[in-house]
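Inspection log for the structure reproduced underneath, given as structure tokens.
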Amino acid sequence: MAAETASETVSVTGWGRTAPTAARVIRPRTYPEAVAAVRDCGARGGIPRGLGRAYGDAAQNAGGTVIDVTGLDRIHVVDADAGVVLCDAGVSLHRLMEVLLPLGWFVPVTPGTRYVTVGGAIAADIHGKNHHVSGSFARHVTSFELLTADGTVRTVRQGSPLFDATAGGMGLTGIVLTATVGLQPVETSLMSVDTERAADLDDLMARLTAGDHRYRYSVAWIDLLARGAATGRAVLTRGDHAPLDALPARARRTPLSFRPSRLPAPPAFLPDGLLTRTGVALFNELWYRRAPRARTGELQRLSAFFHPLDGVPHWNRVYGRGGFVQYQFVVGHGREDALRRIVQRVSARRCPSFLAVLKRFGEADPGWLSFPRPGWTLALDIPAGLPGLGVLLDELDEEVAAAGGRVYLAKDSRLRPDLLAAMYPRLDDFRALRAELDPRGVFVSDLARRLNFQEPA
């Protein structure tokens, strides 16, 4: 007789560590166990969960079931000639890098952490520093197997309505079991990086607009505590995978080695109020001043360029017990005025944010609830206990919606449901497909309840 699938009732939060809710967590290790978990979700339904890096409540389900898919973690096939991998949804991008880099391949898109699963990358349709060139993750997925609410497994191919509903659908169409993903060829595991300082927001946007087409990867850190003439001052970092001939002779011996460094984790409990305005302002000042005015061709490790915070396990603890909110939005080209107003409002409010990044998005992706669209995206972390934060973010939501923009659902924890349809015009299509596919509401989450994802009345 097969062993019973492990389950326990625990408190679950997103990476921001806000609004914990209790749920029964089931950890299937085989596809039949995953099917059984879906059929055993109970009246409150279930939601798939990977490595827990969604910042808000997308992978929580109060009083219901959370299906932890990280036990489905096999890499089935690597076609090193074609640059394609077939793997389980519970495989992390970190694991893919370990396996693929020695073969001369890299993941096509990576966010600011490599500790996300392939299934999570599809469900959130993640983007990275290369969206202006490569689009989001699902653009590189040719097909996946999806376990739907009736317990059947469907092969879903790129271009179909179910594919477009699942890419960015936050796990609400079913559980991705396997995926076939196209890869990026690389000669080395190092990056060739150019760094420069921008004096203010307009200077930064001008530099991004003029030069991004020359780089595969581009991102800017912004000092959101700077005011006056320095409002929006930034450090702009752009680069590409270093070719073999750019490496010094010694490094050419092992050009595809991948050895990320790690620092000790912060204590489990840190005092609230650690990130004060004064402390963050000092950090921002030092970070801006230590950056070169202009430097080209610096060789950096992949981990340093893409995932600097992964070197500090559980870095989310630095915000204290109250956790933090990550707020990310996008507004289109031609709506730079809205971006300026938001940056000015956040700077005037003196929000202690030391993680604030601006990027340019390229063409929109076909996912009905995919976040990226052509334009400007700003992401910032703010301690959740900041007085008046809720009112401020509600005002920013209104500004974003009025500009035809949207917030990122994978990072959201507090958006009002009345703004969702304005931000995501394909929402009714998603609701209708979901109602047909899952009429009993088997797949549900705290985010889905909060934002009212049920079929329109």
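Details
- Along the range 105-119 the Karplus relation, 6.51 cos²θ - 1.76 cosθ + 1.60 evaluated at θ = phi - 60°, assigns HN-Hα couplings of 10, 10, 4, x, 8, 9, x, x, 9, 8, 8, 10, 8, 4, x Hz to successive residues, with x for each Gly and Pro.
- For the range 96-244, average projected area of the Cα convex hull in nm²: 10.8
- Each peptide among 355-361, 281-287 gets the average number of other Cβ atoms lying within 10 Å of its residues, and from highest to lowest they stand as 355-361, 281-287.
- Label zone at D73 (point 7 Å along Cα-to-Cβ), backbone N below 15 Å, the range 98-114: 98-99, 114
- Solvent-accessible surface of the range 1-141, taken per residue with a 1.4 Å probe and all protein chains present: 37 Å².
- Solvent-accessible area of W15, all protein chains in place: 30 Å² (probe radius 1.4 Å, heavy atoms, ligands and nucleic acids excluded).
- Rounded to the nearest 500, the helix-only mean residue ellipticity at 222 nm of the chain stands at -6500 deg cm²/dmol, with each DSSP H run of n ≥ 4 adding -39,500 (n - 2.57).
- A dipole drawn for the chain from +1 and -1 charges on Cβ atoms has a positive end, and of L190, G64, I126 the residue lying farthest that way is L190.
- The Cβ shell under 13 Å around T254 holds other residues with a net charge of +4, Lys and Arg each +1, Asp and Glu each -1.
- Once the Cβ-Cβ distance of D202 and R253 is raised to the sixth power relative to R0 = 35 Å, the FRET efficiency obtained is 0.15.
- Rounded to 0.05, the FRET efficiency of the E285 and L309 pair, given R0 = 22 Å and the Cβ-Cβ distance, is 0.65.
- Applying the Karplus relation 6.51 cos²θ - 1.76 cosθ + 1.60 with θ = phi - 60° to the range 146-155 yields 3J(HN,Hα) values of 10, 8, 9, 5, 8, x, 8, 10, 10, 8 Hz, where x marks Gly and Pro.
- Per residue accessible area in Å² of the range 190-413, where ligands, DNA and RNA are left out and the probe is 1.4 Å: 43
- Here's how it looks for I126: its modeled amide H is under 5 Å from those of F137, A138, which are all 5 or more places away or on a different chain.
- Low-density loop cleavage sites - trypsin sites (Lys or Arg not before Pro) in the range 1-95, where at most 13 other Cβ are within 10 Å (DSSP): R74
- Only Lys, Arg (+1) and Asp, Glu (-1) charged, at Cβ; the range 190-413 dipole about Cα centre in debye: 880
- The chain, accessible surface, carbon-and-sulfur percent (1.4 angstrom probe): 54
- The charge dipole of the chain, taken about its Cα centre with unit charges on the Cβ atoms of Lys, Arg (+1), Asp and Glu (-1) only, comes to about 1240 debye.
- A dipole drawn for the range 190-413 from +1 and -1 charges on Cβ atoms has a positive end, and of G311, Q328, S347 the residue lying farthest that way is G311.
The values are calculated or read from the model by the stated rules, or taken from the named source; none is laboratory data. It should be emphasised that the depicted structure is a prediction, and the values quoted were computed from it without experimental measurement. Cβ: placed from backbone, ideal geometry, glycine included. Neighbour counts: every protein chain shown. Ligands, DNA and RNA are excluded from the accessible area calculation, which covers all protein heavy atoms including side chains. Shrake-Rupley method; radii C 1.70, N 1.55, O 1.52, S 1.80 Å.
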